[in-house]
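These notes concern the structure reproduced below.
The values are calculated or read from the model by the stated rules, or taken from the named source; none is laboratory data. Keep in mind that what you see is a predicted model, and the values were worked out from it rather than measured. In this analysis, Cβ positions are derived from the backbone assuming ideal geometry, glycine residues included, and neighbour counts consider all displayed protein chains. The protein model used for the area step is the full one, side chains on, heavy atoms only, and it has no ligands, DNA or RNA in it. Shrake-Rupley method; radii C 1.70, N 1.55, O 1.52, S 1.80 Å.
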Amino acid sequence: MSTRTGPSLTGGTPLRGLDEEEVLGRILPLFAPSADLIVPPGDDAAVLATESRTIVTTDTVVLGRDWLDAWSSGADVGTKVVAQNLADVAAMGGRPTGVLVTLVADPMTSIDWVVDLAAGIAAACQQAGVAVLGGDLSSAPAGVVMVSVTALGNLAGAGSAPVLRSGARAGDRLAVRGSLGLAAAGLHLLMHDQADRHPEAVNVQRRPDPPLEAGPEAAAAGASAMLDVSDGLVRDGGRIARASGVVLELDRDALREFVAQISDAVGEETAWDCVLAGGEEHSLLATFPGEAPAGWHVIGAVRSPAEGEQPGVLLDGVRPQHSGWDHFRNGEGRRP
Ligand SMILES: Nc1ncnc2c1ncn2[C@@H]1O[C@H](COP(=O)(O)OP(=O)(O)O)[C@@H](O)[C@H]1O
Ligand SMILES: Cc1ncc(C[n+]2csc(CCOP(=O)(O)OP(=O)(O)O)c2C)c(N)n1
Ligand SMILES: [Mg+2]
């Protein structure tokens, strides 16, 4: 059953009924002008005025791997791929400034879907005060649609340091800003045709809304390490642990409030899986040498590994069996 609103990927006029200029003519007017954009989209490259060190990151979504047409509209896909990228900028302690967008699509893809995608990208960028700098269009074999976004950002001030994954130290507090498990619960409900059981979770799966302001705030408050939770709390926590050479001790009691938000909709056991291993949340996970700033939930602590112990994540002292998301292991495993 389709729960998507908006135009479907197929139907109506296909891209192959237009030329590239006509497609761009439908898309480019949707993007808001920006005072910092010295040369806007339309020339060989854009020129953006910047004041500080530049952060740059990229993330891609693929039809069938990251969304299904029955679940998500073009605007949902555009909102999500922008959010994923801006969360990576925030997780370095920076503020996003601009995005580049590449669409690679089967020529049978509907122009109405593409315009809806661009509208989602435009709205997400406008909400975050981010300029669309341009992008690229290319065609793909039948059934393939892919959207890739590259985001730029600034560190708070000239000479200011980014917050890396490697700075967590024994004695730090581990804290999260934003929700945990909602996007995964939403995915679970969409897969089981039960979207009406938790509309908010389904909305987070379709349109994550990362706490972007909290990234630079955490940096200013002295965060020692930070990342956004894209592949699951245990998996992403493991990245901080290994990069920093520490053990992250998760406190099960502190995670119960996140489980409680979804357990009625998906059941207690699945709710724990969603909180510990659910991807696509794009909340921020950070370590702080002192008190965590207001709005952050302390969910654990950082300690040095015992002799012979590997860096990693423990839940109430036990290594959780949650592996989280991996594109190659979770993919369909067919030979190309
Ligand atoms: N194909 C690639 N070529 C070069 N670097 C890559 C490639 N894929 C990922 N990386 C880099 O590896 C790191 C981890 O990537 P990823 O797991 O996608 O991070 P995130 O979850 O923050 O998006 C990032 O620094 C990213 O830039
Ligand atoms: C059709 C479909 N299958 C599976 C998923 C689940 N899923 C896709 S990507 C992902 C994890 C995060 O994606 P990734 O591109 O690795 O983000 P990054 O870590 O690079 O930020 C998850 C849980 C989905 N959203 N849609
Ligand atoms: Mg990535």
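Data overview
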quantity	calculated
Any hit, segment 197-210, residues being within 16 Å of ligand 1 (Cβ to nearest atom) and touching a Gly at 6+ places or on another chain (Cβ under 8 Å)	yes
Evaluation of Arg95 against (1) in a strand (DSSP E or B); (2) over 16 Å from the mean Cα position of the chain (by Cα) (one fails), failing number	(2)
Tabulated pairs, segment 12-31, first over 13 Å from Leu103 (Cβ atoms), second open to solvent by 60 Å² or more (accessible area, probe 1.4 Å) and assigned to a helix (DSSP H, G or I), C-beta under 7 angstrom, 6+ apart or interchain	Gly12/Asp112
All strands (runs of 3 or more DSSP E) inside segment 196-295 with 2 or more residues being closer than 23 Å to Asp59 by Cβ and open to solvent by less than 10 Å² (accessible area, probe 1.4 Å)	225-228, 284-288
Check on Leu284, touching a His at 6+ places or on another chain (Cβ under 9 Å) and under 16 Å from Arg239 (Cα atoms)	no
Residue match in segment 59-78 (condition: under 17 Å from Leu212 (Cβ atoms) and more than 13 Å from ligand 1 (Cβ to nearest atom))	yes
Condition met for Val62 (within 15 Å of ligand 3 (Cβ to nearest atom), closer than 20 Å to Ser139 by Cα and either open to solvent by less than 20 Å² (accessible area, probe 1.4 Å) or part of a helix (DSSP H, G or I) (or both))	no
Any hit, segment 176-191, residues being more than 21 Å from Asp273 (Cα to Cα) and not aliphatic (A, V, I, L, M)	no
Scan of segment 46-59 for residues that are part of a loop (DSSP other than H, G, I, E, B) and modelled with pLDDT of 95 or more, ordered by number	Ala46
Ala170 vs. criteria modelled with pLDDT of 95 or more, more than 16 Å from ligand 2 (Cβ to nearest atom), farther than 23 Å from Gly17 by Cα and open to solvent by 10 Å² or more (accessible area, probe 1.4 Å)	yes
Residue that is nearest to Val144 (Cα to Cα) [pool: residues in segment 30-59 that are surrounded by fewer than 17 Cβ atoms within 10 Å (Cβ to Cβ) and within 16 Å of ligand 2 (Cβ to nearest atom)]	Thr58
Residue list for segment 91-108, restricted to those being within 23 Å of Glu22 (Cα to Cα) and crowded, with 23+ Cβ neighbours inside 10 Å	Val99, Val101, Leu103, Ala105
Positions within segment 124-160 being open to solvent by 40 Å² or more (accessible area, probe 1.4 Å), of a type in the set (Gly, Ala, Ser) and closer than 24 Å to Val204 by Cα, in sequence order	Gly129
Residue check for Leu86: more than 12 Å from ligand 2 (Cβ to nearest atom) and at pLDDT 95 or above	no
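Quick grid of which residues meet (1) touching a residue at least 40 places away in the same chain (Cβ under 8 Å); (2) assigned by TED's automatic domain parsing to the domain that holds Pro40:
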site: Thr102; (1), (2): yes, yes
site: Pro107; (1), (2): yes, yes
site: Trp113; (1), (2): yes, yes
site: Ala122; (1), (2): yes, yes
site: Gln127; (1), (2): no, yes
site: Ser138; (1), (2): no, yes
site: Thr150; (1), (2): yes, yes
site: Gly167; (1), (2): yes, no
